[in-house]
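These notes are about the structure you will find just below.
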Amino acid sequence: MKSKDKIQYEKDAKPLRITGAEALIRSLEYQGVKTIFGYPGGAIMPVYDALYGNKTLNHILVRHEQAAAHAAEGFARASGEVGVCLVTSGPGATNTVTGIADAMIDSTPIVVIAGQVAASTLGMDAFQEVDLVGITQPITKWSYQIRSATDVAWAVARAFYIAGSGRPGPVVLDFAKNAQLDMTDYLPTKVDFVRGYVPEPEMDDDAISEAAQLINNSKHPFVLAGHGIELGNAVEEFKTFIHKADLPTGATLLGLSVLPSDDPLNMGMLGMHGKLVTNVKTNECDVLIAVGMRFDDRVTGKLSAYAPQAKIVHFDIDPAEINKSIHVDVAVVGDCRKTLAAVTALLSQGDHSEWKKSFEPYIKKENDKVVHPELHPSKEFMTMGEVINAVSEATSHKAILVTDVGQNQMLAARYFKYSSPRSILTSGGAGTMGYGLPAAIGATFACPDRTVCLFVGDGGLQMNLQEFGTIMEQRAPVKIILLNNNFLGNVRQWQAMFFNHHYSFTPMMNPEYPAIASAYGIASRRVMKREELAEAIDEMLCTDGPFLLEACVEQEGNVLPMTPPGSPIDQMILEIK
Amino acid sequence: MENKSYTLIVHSENFAGLLNQVTAVFTRFQINIDSLNVSASSIPGLHKYTITACTDEESIEKIARLIEKKVDVISAHYFTDDQIFSYEVALFKLSMSEAHIEPKVLRIISQYGANIVEVNNVFVVIVKTGTSEEITALHEELQKYHVVLQFVRSGRVAVTTSYYEKVNEFLEKRESDYRLTHKS
Ligand SMILES: Cc1ncc(C[n+]2csc(CCOP(=O)(O)OP(=O)(O)O)c2C)c(N)n1
Ligand SMILES: [Mg+2]
């Protein structure tokens with residue numbers, strides 16, 4: 001299988017006679033891996049034995065394999081490196097599946113290494129055998145079963161190359177036990193070419209000049225910034241691009257930290273719970289320029305009513321994204337770091353002051369109707385927005401934001417602010433409740449110098465609550481802000497708006513969260529009143545290590561504005577009477 | 001958009017599990033595969049899939065892109081019927097007792113240019129190579145005489161009418177690009 005890959009061996013390296021399991025450890029070290037999230041079991045024991053006493057690899061023992069996958073995702077997203085997780089076969093492996101699917105749809109580079117029964121017993125329903133390759137093929141960039149120890153170095157090298165290059169994504173290595181135990185002649189190995197795999201399509205000069213021409217001639221341009229800009233390490237190129245031509249910009253959920261929040265061209269989030277102004281201007285601009293984003297339905301709303309007036313330019317590294325849901329006029333495929341620079345070189349200095357002025361009424365309208373009431377409420381109970389805003393300010397907008405899924409996620413995305421890239425970790429495409437806590441753990445290992453703030457709901461926290469154990473053991477300094485509304489709030493909001501207030505199984509009885517935290521030795525504080533909020537946040541940020549701040553917020557708060565599903569994206573509801 | 005018959009030609013590495021990945025893309029789009037043939041290709045080590053499906057151009061294009069995106073798929077291109085030479089093979093097992101009393105059946109066999117490859121006193125086996133339509137027509141003719149004991153047809157196999165061999169060019173370009181970037 002490896003015959004056509006280009007394989008580089010370390011110069012002057014002498015083959016080492018070691019087991020496949022040891023070869024795996026060496027291969028991970030050779031890839032520069034420092035941190036692994038994992039959980040042992042029968043079919044991966046030889047690897048765990050090879051890890052025993054290892055000084056290079058920091059193995060973080062999670063409390064559930066799903067958390068290992070999400071922690072690897074959080075690590076990858078915050079660091080820009082490939083996240084690694086190590087699990088056993090059967091249930092250990094299937095527990096990672098949600099994380100793998102999440103990483104696939106959010107283009108997050110992780111390598112999941114799972115034990116597997118010995119090759120000789122494959123297909124015999126051996127203890128803890130599952131067809132992991134079969135299960136994960138549709139949700140990975142590459143899924144491969146290592147059946148022989150001689151394959152290990154190559155398979156790991158190929159896995160890291162594929163996971164991290166081009167449009168990143170998850171790779172699964174299903175590691176048969178015999179291949180872990182057998183001896184092999186190990187050589188440090190790198191793969192940098194797989195003939196069927198084109199990580200970076202070639203830039204098309206015609207498309208570059210067409211794009212530049214459209215932008216230069218545009219009177220009312222509008223830019224959509226996606227996660228791909230961070231993935232492509234093109235943040236600086238992107239800033240130069242928009243500032244040279246004076247292009248106002250909206251951001252996808254995953255692209256929120258591409259621009260600092262205070263960049264004058266940053267108009268905020270797009271989509272269902274985004275800013276009124278970004279959605280309105282999407283449907284008013286004459287040229288819409290999308291960079292590293294995939295026109296998700298939460299961004300576009302009703303497709304046939306999405307920017308019908310605009311010429312659309314789409315920058316993406318993945319040719320399969322072009323014309324997938326939105327027909328575009330110019331497709332600029334390639335690495336956006338290069339394509340943006342090439343287009344920028346052809347741009348004339350722009351000044352769109354008039355056009356930008358037309359944004360103001362919509363910003364004001366939303367501020368009056370939505371933002372002000374959310375951040376300065378007159379009601380008794382705290383809103384999620386005011387808690388989020390206060391935390392963001394207390395961290396001088398420098399923290400890494402991790403969210404779970406639900407109202408907590410949408411409001412955190414709306415009210416948290418950013419000063420540097422790779423500062424928002426959230427489950428976008430999959431919307432995986434339970435993502436937040438383990439992803440935040442992963443982020444603390446990726447960026448030990450940054451504050452990591454997790455906003456999570458009472459529903460989502462309980463989906464991976466067991467990770468309090470990991471936090472306790474590692475003293476992982478996650479600042480957990482539990483936005484407790486005693487509801488599966490996001491679903492409740494939809495029930496209120498679209499299902500006649502039938503609160504079908506969304507009210508939830510909650511435990512004493514501080515008591516749980518205290519059982520795990522995690523400092524905590526519960527806040528019921530806004531007068532206590534600032535002080536509690538101070539206490540949280542001044543406490544070394546992890547902290548749980550339970551904010552008891554209004555029970556039936558709504559995330560607004562909102563474009564109802566299936567509506568044109570600019571038809572936003574600003575208030576519910 | 002109008003539905004048409006498209007032939008998708010895929011070249012991939014010869015690895016286990018790839019067929020699954022290729023067909024899974026069709027499943028995701030809820031599009032039926034009309035015929036599927038997998039064989040060696042002119043390039044050593046590469047497999048060639050010839051897949052026919054009736055769909056619109058937008059769908060077949062998306063399917064081709066998603067298949068091509070698989071790491072070990074080299075290329076996927078779709079063609080309309082006028083862009084390829086295509087053939088199928090069919091085998092018919094005909095009941096002898098009926099056939100020998102029906103000279104018309106023999107006439108049909110020769111009219112259609114089918115070959116008799118086995119005759120015994122119980123049955124006759126004939127082979128027909130031709131287009132989809134010819135094979136369907138022959139099948140329908142023979143059915144009228146109630147002689148068909150078994151019928152099977154292969155997937156379509158096809159070669160393009162173009163003067164360019166896209167896959168070879170792609171692979172050569174990949175190699176030369178690699179050499180370029182790794183010299184500097
Ligand atoms: C694993 C999973 N199950 C179910 C859902 C559907 N869902 C989306 S938001 C939500 C409610 C979340 O409640 P909570 O965590 O309390 O957050 P809130 O919306 O109240 O902030 C649910 C059930 C989901 N996104 N993920
Ligand atoms: Mg809740």
Can you tell me which of (1) surrounded by 14 or more Cβ atoms within 10 Å (Cβ to Cβ); (2) within 14 Å of ligand 1 (Cβ to nearest atom); (3) closer than 18 Å to A:GLU550 by Cβ is the one A:ARG492 doesn't meet? (3)
Can you tell me which condition B:SER12 does not meet? The list is (1) farther than 24 Å from A:VAL198 by Cα; (2) crowded, with 20+ Cβ neighbours inside 10 Å, and all the others hold. (1)
Only one of (1) in contact (Cβ under 8 Å) with a residue 40 or more places away in the chain; (2) away from every other protein chain (no Cβ under 14 Å); (3) crowded, with 20+ Cβ neighbours inside 10 Å is not met by A:ASP316, so which one is it? (2)
Take A:ILE471 and decide whether it is within 21 Å of A:VAL405 (Cα to Cα), more than 13 Å from ligand 1 (Cβ to nearest atom) and of a type in the set (Val, Ile, Thr). yes
Given B:LYS62, B:LYS70, which one is closer than 30 Å to B:LEU18 by Cβ, part of a loop (DSSP other than H, G, I, E, B) and of a type outside the set (Val, Ile, Thr)? B:LYS70
Any idea how many residues of the stretch B:23-59 are within 11 Å of chain A (Cβ to nearest Cβ), touching a Lys or Arg at 6+ places or on another chain (Cβ under 8 Å) and in a helix (DSSP H, G or I)? 0
Filter the stretch A:506-527 down to the residues that are more than 13 Å from ligand 2 (Cβ to nearest atom) and of a type outside the set (A, V, I, L, M) and list them by number. A:PRO511, A:GLU512, A:PRO514, A:SER518, A:TYR520, A:GLY521, A:SER524, A:ARG525, A:ARG526
Being at pLDDT 95 or above, within 16 Å of ligand 2 (Cβ to nearest atom) and not assigned by TED's automatic domain parsing to the domain that holds A:GLN66 is the requirement here; does A:ASN389 meet it? no
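Taking only the stretch A:141-198 into account, find how many residues are assigned to a loop (DSSP other than H, G, I, E, B), open to solvent by 10 Å² or more (accessible area, probe 1.4 Å) and over 15 Å from A:TYR9 (Cβ atoms).
Final tally of qualifying residues: 11.
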Restricting the stretch A:498-523 to residues that are closer than 19 Å to A:VAL405 by Cα and not in a loop (DSSP other than H, G, I, E, B), the one least open to solvent (accessible area, probe 1.4 Å) turns out to be A:TYR513
Here the residues within the stretch A:80-100 that are open to solvent by 30 Å² or more (accessible area, probe 1.4 Å) and assigned to a helix (DSSP H, G or I) are A:PRO91, A:THR94, A:VAL97, A:THR98
State all residues of the stretch A:416-448 that are without any contact (Cβ under 8 Å) to a residue 60 or more places away in the chain and away from ligand 1 (no atom under 16 Å from the Cβ); if no residue qualifies, say none. A:THR444, A:PRO448
If only one of A:ALA50, A:ALA103, A:ALA114 is touching a helix residue (DSSP H, G or I) at 6+ places or on another chain (Cβ under 8 Å), open to solvent by 10 Å² or more (accessible area, probe 1.4 Å), outside any loop (DSSP other than H, G, I, E, B) and of a type outside the set (Val, Ile, Thr), which one is it? A:ALA50
Of the residues in the stretch A:342-377, those that are in contact with a helix residue (DSSP H, G or I) (Cβ under 6 Å, 6 or more places away or on another chain), of a type outside the set (Asp, Glu) and open to solvent by less than 50 Å² (accessible area, probe 1.4 Å) come to A:ALA342, A:VAL343, A:THR344, A:LEU347, A:GLY350, A:PHE359, A:LEU375
Using the structure shown, decide if A:THR383 is hydroxyl-bearing (Ser, Thr, Tyr), without any contact (Cβ under 8 Å) to a residue 60 or more places away in the chain, within 16 Å of ligand 2 (Cβ to nearest atom) and open to solvent by less than 30 Å² (accessible area, probe 1.4 Å). no
Could you tell me which residue of the stretch A:390-415 is farthest from A:GLY428 (Cα to Cα), considering only residues that are within 16 Å of ligand 1 (Cβ to nearest atom) and open to solvent by 20 Å² or more (accessible area, probe 1.4 Å)? A:ARG414
Report the residue count in the stretch A:460-483 for those that are open to solvent by 10 Å² or more (accessible area, probe 1.4 Å) and either in a helix (DSSP H, G or I) or over 19 Å from A:ASP544 (Cβ atoms) (or both). 7
How many residues does the stretch A:430-456 hold that are within 16 Å of ligand 2 (Cβ to nearest atom) and open to solvent by less than 10 Å² (accessible area, probe 1.4 Å)? 7
Condition (residue is in contact with a Gly (Cβ under 8 Å, 6 or more places away or on another chain), facing chain A (nearest Cβ under 10 Å) and hydroxyl-bearing (Ser, Thr, Tyr)) applied to the stretch B:5-18: is it met by at least one residue? yes
Does A:PHE498 satisfy being within 14 Å of ligand 2 (Cβ to nearest atom) and over 14 Å from A:ALA67 (Cβ atoms)? no
Tell me which residues, restricted to the stretch A:319-333, are in contact with a strand residue (DSSP E or B) (Cβ under 8 Å, 6 or more places away or on another chain) and either open to solvent by less than 80 Å² (accessible area, probe 1.4 Å) or closer than 17 Å to A:ILE215 by Cβ (or both). A:PRO319, A:GLU321, A:ILE322, A:ASN323, A:ILE326, A:VAL328, A:ASP329, A:VAL330, A:ALA331, A:VAL332, A:VAL333
Just to verify a result, which residue in the stretch B:34-62, among those that are open to solvent by 40 Å² or more (accessible area, probe 1.4 Å) and within 22 Å of A:VAL133 (Cβ to Cβ), is modelled with the lowest pLDDT? B:GLY45
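The values are calculated or read from the model by the stated rules, or taken from the named source; none is laboratory data. All figures in this text were calculated on a predicted structure; none of them were measured in a lab. When we count neighbours, we look across all protein chains shown, and the Cβ atoms used for this are built from the backbone with ideal geometry, even at glycine. Calculation scope for accessible area: heavy atoms of the full protein, side chains included, ligands and nucleic acids excluded. Shrake-Rupley method; radii C 1.70, N 1.55, O 1.52, S 1.80 Å.
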